[in-house]
Amino acid sequence: MKPVSYLRAGSVEEAASAHGGRTEARYLGGGTNLVDLMKLGVERPEVLVDITRLPLDDVREQPDGSVRVGATVRNSDLAAHPLIRERYPVVSQAVLSGASGQLRNMATTGGNLLQRTRCAYFQDLAKACNKRVPGSGCAAIEGVNHDHAVLGHSPHCVATNPSDLCVALAAVDAVVELAGPGGGRTVPATEFHRLPGDQPELDTVIRPGELITAVLLPALPHGAVSHYRKVRERASYAFALASVAAVLQLEDGEIRHAGIAFGGLAHRPWRARRTEAALLGTRPSPESVARAVEAELAEAVPLRDNAYKVTLARDLATQVLGSLSTTA
Ligand code: SF4
């Protein structure tokens, strides 16, 4: 039994002060990932700072038309909120495709951004894992890597990011708001998560003691349509083998705006800049969409067991973009 001290913070300042940037401290939101990892012995915090009572639990339109989502807004409340359903269907659909109803009722927006990989070797203390124990090796590279990364991986880690919400946030150019010992700052959602490189223990660019306070959703271009689609091994309560979030705006039959991101393929949500560049200014056809998707996935380097993901992602993106092109 490992003793853990617990403090319920009443303000962001109190939470940041209680955490103090200590490596043994963790913020506790819904606990749907952190508590699981504590039970497995993967996470062994000595201090838990409960942030669930902080006044960060609303979804509010800003004067510039953007929408600010507080960090403690529950996933179920986010997906059901009228502003999100009407203006950002891709966000609502992504959240609803993740986890189970019970988990979405507990999990928070900020916690969704910070959930750890579900790589089985990361969760198994008997296996080598550079993310859990830096320098110990990566059991997945020669092990069962059927659901691991095909883009952006490194010789040190081939894990994928498990979030659905974060794929949608990357596609809509969301911004993450942070508070911490050094003051507040913002980070684009596309830059919040890292590729593994030689430091796979770092999932994000968050600094010690920093707390996510909100996610800002910018107003989408007038007339834009969006969609999230995910493929998994069973109908619910499973992580993405591959997913795609897409935002398209067409004018006079030409694509004027494209925001596209893949999930399940990399250590972070993968913004498909090459696909976007190939689509902008074109009149979409099945052939042009297929070429644009291929431009991104040509970068893929599959592992022994997961070449199927490239085909899956290609088919998924082609279908979603083709369908949005006809409704935009
Ligand atoms: Fe650990 Fe990453 Fe290798 Fe999985 S893929 S065992 S998380 S280092």
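Data table
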| read-out | value |
| --- | --- |
| Residues within the range 34-50 that are within 21 Å of Gly98 (Cα to Cα) and open to solvent by 20 Å² or more (accessible area, probe 1.4 Å), tallied | 3 |
| Positions within the range 51-73 being touching a helix residue (DSSP H, G or I) at 6+ places or on another chain (Cβ under 8 Å) and open to solvent by less than 60 Å² (accessible area, probe 1.4 Å), in sequence order | Ile51, Leu54, Leu56, Val59, Val67, Val69, Gly70, Ala71, Thr72, Val73 |
| Hits in the range 44-72 - residues which are in a loop (DSSP other than H, G, I, E, B), under 24 Å from Val172 (Cβ atoms) and not hydrophobic (A, V, I, L, M, F, W, C) | Asp57, Asp58, Gln62, Pro63, Asp64, Gly65, Ser66, Thr72 |
| Helices (runs of 4 or more DSSP H) completely within the range 100-156 that count 3 or more residues being within 8 Å of the ligand (Cβ to nearest atom) and outside the structural domain of Tyr237 (by TED's automatic domain parsing) | 139-142 |
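The values are calculated or read from the model by the stated rules, or taken from the named source; none is laboratory data. These numbers were taken from a predicted model, which means no experiment stands behind them. All Cβ positions, even for glycine, are placed from backbone atoms using ideal geometry, and neighbour counts span all protein chains on display. Side chains included, ligands, DNA and RNA excluded: accessible areas come from the protein's heavy atoms. Shrake-Rupley method; radii C 1.70, N 1.55, O 1.52, S 1.80 Å.
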